[in-house]
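The values are calculated or read from the model by the stated rules, or taken from the named source; none is laboratory data. Owing to the predicted nature of the structure, the values given are computational and were not obtained by experimental measurement. Methodologically, a virtual Cβ is constructed for each residue, glycine included, from the backbone with ideal geometry; neighbour enumeration extends over all protein chains shown.
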């Protein structure tokens, strides 16, 4: 089990996932509205979708030092403030330039918070509940996606409905900021800053009052950090750490090229192109994808600690490469969606965990940016079936990669995982 404080902290951090999912889910519905209001061309639509990803990429490239210097909790508070600021711009001004600027700022916020949230949850969670609590982030993402689709539909026929949809992110960010002010920082982060006594007090609070385990846990953290503290940032690209970095990069690469981001960002335009004639009808149909994501993420959250992330990744890759859209979304939601974040939050040494996670997240957003900037253009040139065949082939490639390269982390502490990977 774990204390109420760990659960509250995990839920508060996972609000980052709710905001990320909400921003992803609202994109396709809002895009249909703005396309008509501003008479957007195909390239301008791609620019509007991609601008959020540009902000996310910037945040990942610059976010590593922020995460490691100021900590996960402070980074989450900063990122929530950025979401508020960007959303205000989106609501206040109706022009393509303002919308692009606002989405860049929001993108910076949701990307930094996504990396910080998974690390924060992994570092405060007990070993036997770490998988469940980290995948809670992905459950929040899919709930946010469904909420984004639903709000886009609710305001589809309302004048300036897109502004209301953008504005609903503000109370979520303010709620997270308020909650985090009263929650403790990561004990592992405190140890890296030589605040051992403060780390001990945090461990006492999150260990269900089991003081006898605190000294052992603190010693394990210190011992693990001592072994790993010699790692510089450049060592991520050499020797043993290179394989961990390549694993993280490859998982996020497959997260993007298997097609899920395009399904989310362009669901409504795609559905409209195949027969859903009105904005409201296409947006309502895309909401069904959000419902499927929620339903199939729940078993992943509940069973990850029992089954392990590697088995989920394999099953999802097989199903997604073979079957149609709704089942494909279901396969993604039970495997690649939540499990990538579990693996990424576990495989890197504490001394460079923030910077390493930021690097692989930067690859994630860079590939997402590349795909989103070209998806509509490529679809027009070669057709939807050929694009989907490519995504299917990438799902099969993912299966091969997971079987050969991804370690099983079920039942191990973060320090034990790092020690095992160091032997390879």
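Quick notes on this structure:
- Of all residues in the range 330-351 being at pLDDT below 70 and farther than 18 Å from residue 136 by Cα, the one that is surrounded by the fewest Cβ atoms within 10 Å (Cβ to Cβ): 351
- Complete set of residues in the range 141-165 that are over 18 Å from residue 92 (Cα atoms) and outside any helix (DSSP H, G or I): 156, 157
- Among the conditions (1) more than 20 Å from residue 150 (Cα to Cα); (2) touching a residue at least 40 places away in the same chain (Cβ under 8 Å), residue 31 misses just one, which is (1).
- Residue identified as surrounded by fewer than 24 Cβ atoms within 10 Å (Cβ to Cβ), under 16 Å from residue 23 (Cα atoms) and touching a residue at least 40 places away in the same chain (Cβ under 8 Å) among 142, 88: 88
- In the range 239-257, residue surrounded by the most Cβ atoms within 10 Å (Cβ to Cβ) [restricted to those that are at pLDDT below 75 and either in contact with a helix residue (DSSP H, G or I) (Cβ under 8 Å, 6 or more places away or on another chain) or not in a helix (DSSP H, G or I) (or both)]: 241
- Of the residues making up the range 164-173, one or more are farther than 24 Å from residue 58 by Cα, modelled with pLDDT of 90 or more and crowded, with 21+ Cβ neighbours inside 10 Å.
- Residue 136 meets the conditions (1) in contact (Cβ under 8 Å) with a residue 24 or more places away in the chain; (2) closer than 16 Å to residue 73 by Cβ; (3) part of a helix (DSSP H, G or I) in every case but one. The failed one is (2).
- Residue that is closer than 30 Å to residue 219 by Cβ and touching a residue at least 24 places away in the same chain (Cβ under 8 Å), where the choices are 113, 186: 186
- A search for C-beta distances below 9 Å between a residue of the range 50-67 that is without any contact (Cβ under 8 Å) to a residue 24 or more places away in the chain and at negative phi and any residue that is surrounded by 24 or more Cβ atoms within 10 Å (Cβ to Cβ) and not in a helix (DSSP H, G or I), counting only pairs 6+ apart in sequence or on different chains, returns nothing.
For every residue, the table says whether it meets (1) in a helix (DSSP H, G or I); (2) farther than 28 Å from residue 291 by Cα; (3) in contact with a helix residue (DSSP H, G or I) (Cβ under 8 Å, 6 or more places away or on another chain).
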| site | (1), (2), (3) |
| --- | --- |
| 24 | yes, no, yes |
| 32 | yes, no, yes |
| 63 | yes, yes, yes |
| 66 | yes, yes, yes |
| 69 | yes, yes, no |
| 77 | yes, yes, yes |
| 86 | yes, no, yes |
| 89 | yes, yes, yes |
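- Just one of (1) modelled with pLDDT of 90 or more; (2) within 17 Å of residue 162 (Cβ to Cβ) fails for residue 75. It is (2).
- Checked against the criteria, residue 307 does not count as modelled with pLDDT of 65 or more and closer than 30 Å to residue 161 by Cβ.
- Number of the exception - residue 135 against (1) in contact with a helix residue (DSSP H, G or I) (Cβ under 8 Å, 6 or more places away or on another chain); (2) surrounded by fewer than 24 Cβ atoms within 10 Å (Cβ to Cβ); (3) over 23 Å from residue 219 (Cα atoms): (2)
- Identity of the residue in the range 368-424, touching a helix residue (DSSP H, G or I) at 6+ places or on another chain (Cβ under 6 Å) and assigned to a loop (DSSP other than H, G, I, E, B), that ends up farthest from residue 128 (Cα to Cα): 406
- Output for the range 44-76, where each listed residue is under 25 Å from residue 187 (Cβ atoms) and surrounded by fewer than 18 Cβ atoms within 10 Å (Cβ to Cβ): 65, 69, 70, 74
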